[in-house]
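Report on the structure given below.
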Amino acid sequence: MFSFWKKKTPVAGKASLNWLGADMHSHLIPGIDDGAPDLEASLTLIRGLRELGYAKLYTTPHILWGMYDNTPDTILGGLETVRQALKAEGLEFEFGAAAEYFVDEHFANEVQAGKPMLTLPGNHILVEASTYAAPFDFKEVLFGLQLQNYTPIIAHPERYIYLKKDPSYLDDLRYNGCSFQLNLLALIGHYGALSKELAEHLLRNDFYDFVGTDLHHAQHLPLLEKAAASPLLDKLRDSGKIKNAGF
């Protein structure tokens, strides 16, 4: 399914994320969400991730009904456009796509109807929730996914700062088989001090299974380089718990 090229060595003097192997959260398909607006922007972002040391990418456009009404057709069609552009430029990269699903009524109905989902390797499915308040049926929807043999990955839980008031909420999700993905930029306070504090709490308590860039635009690239040099990543790298390299 994927194209294979020789991996590029990261630029000398830059912090490298090559130990992760794969990035599994980004917005690189042109013009379908709040990520890359056009094909050239897509290629610029991919080049930047390549220089940071990634061997492969799985990009995850938003599916948020009423705002980003993406479907497998729009996402996979955009994926093929980017692949053809990479091939034309001779860029050496493995590039696939899944989706970042927003858990809302539309998504709950899709799950209940058994609609096929775009997944990461191993039938993992990336999901997000409101950053303001937990959906009342969030756990029920995730359980519905698990009944269909999907493994939910909770995107950037450190951004859901309301969870600081109820830490047991995440404990329940972990106990019931959900995985958790850190946004790298949280480590340098990009989403605010409270999100950084929650990320550090989750790091200390070994919640994270995956690390993602959540790359949207070129302004994120120098910030990712800064985050790559954060000593907070040492605990994750040394824990042996992070599963990106298995994708």
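Selection of region 71-97 for residues being touching a residue at least 60 places away in the same chain (Cβ under 8 Å) and not charged (D, E, K, R) yields LEU86, LEU91, PHE93, PHE95, GLY96, ALA97.
When the test is whether a residue is of a type in the set (Asp, Glu), in contact with a Leu (Cβ under 6 Å, 6 or more places away or on another chain) and crowded, with 21+ Cβ neighbours inside 10 Å, GLU158 passes it. Restricting attention to region 32-51, the residues that are of a type in the set (A, V, I, L, M, F, W, C) and part of a loop (DSSP other than H, G, I, E, B) add up to 2.
Taken over region 174-183, the criterion of being surrounded by 20 or more Cβ atoms within 10 Å (Cβ to Cβ) and either in a loop (DSSP other than H, G, I, E, B) or hydrophobic (A, V, I, L, M, F, W, C) (or both) is satisfied by CYS178, PHE180, LEU182. Considered as a group, the residues in region 190-219 that are without any contact (Cβ under 8 Å) to a residue 60 or more places away in the chain and under 14 Å from the mean Cα position of the chain (by Cα) include one that is farthest from SER168 (Cα to Cα), and that residue is ASP209. So which residues in region 11-29 are at pLDDT 95 or above and surrounded by fewer than 19 Cβ atoms within 10 Å (Cβ to Cβ), if there are any at all? Within region 11-29, ASN18, TRP19, GLY21 meet the criteria. Looking at region 204-244 only, could you name the residues that are at pLDDT below 95 and either in a helix (DSSP H, G or I) or of a type in the set (Asp, Glu) (or both)? Selection gives ARG204, ASP206, LEU232, LEU233, ASP234, LYS235, LEU236, ARG237, ASP238, SER239.
Filtered by the rule that a residue be surrounded by fewer than 20 Cβ atoms within 10 Å (Cβ to Cβ) and either in contact (Cβ under 8 Å) with a residue 12 or more places away in the chain or touching an Asp or Glu at 6+ places or on another chain (Cβ under 6 Å) (or both), region 106-129 gives HIS106, ALA108, GLN112, GLY114, PRO116, THR119, PRO121, GLY122, ASN123.
The values are calculated or read from the model by the stated rules, or taken from the named source; none is laboratory data. Owing to the predicted nature of the structure, the values given are computational and were not obtained by experimental measurement. Heads up, the Cβs are rebuilt from the backbone with ideal geometry, glycines too, and the neighbour counts pull from every protein chain shown.
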